[in-house]
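As structure tokens, the structure follows; a few thoughts come after it.
Taken together, the values in this text are just the output of simple stated rules run on the coordinates, not laboratory data. Since the model is a prediction, treat every value here as computed from it, not as a measurement. Cβ coordinates were reconstructed from backbone atoms using ideal geometry, including for glycine residues, and neighbour counts include every protein chain displayed.
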Amino acid sequence: MHTEKLAGGVAHTMPADLQKALTAAPLAKKAWQSLTPLARNEWICWAITVKQAETRKNHIQRAVAELQEGKRRPCCWLGCIHRTDKSISPSVQWVLGRRSGSKK
């Protein structure tokens, strides 16, 4: 059986668990295929940068549901901090600094 490989993002390849979830939901898969590589990258990063497996599972389920609803990007996501083709914006640096406890 051949499984279609869905495209990943700019800095992230498609993880197997997200691939499986999107492939099982035709409307979400169609929405995924219409996204730009940058938008796909943000969904992937949003799903994989969490610490706990249960949270990752929840993010993948939400990604599928929200793509089916027509959303193009994860809500309230700062953006991928793993991209090497651009520097992190000052506003994202500030938020990351606040999260780590530093007072800049």
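List of remarks:
- For Cys75, Cys45, order by how many other beta-carbon atoms lie within 10 Å, fewest first: Cys75, Cys45
- A simple rule links phi to the HN-Hα coupling: the Karplus curve 6.51 cos²θ - 1.76 cosθ + 1.60 with θ = phi - 60°, which for segment 32-45 gives 4, 5, 8, 7, 6, x, 5, 5, 4, 4, 5, 4, 4, 4 Hz, with x for Gly and Pro.
- Eligible aspartates and glutamates near Lys5 by straight Cα distance, threshold 13 Å, same-chain separation 8 or greater: Asp17
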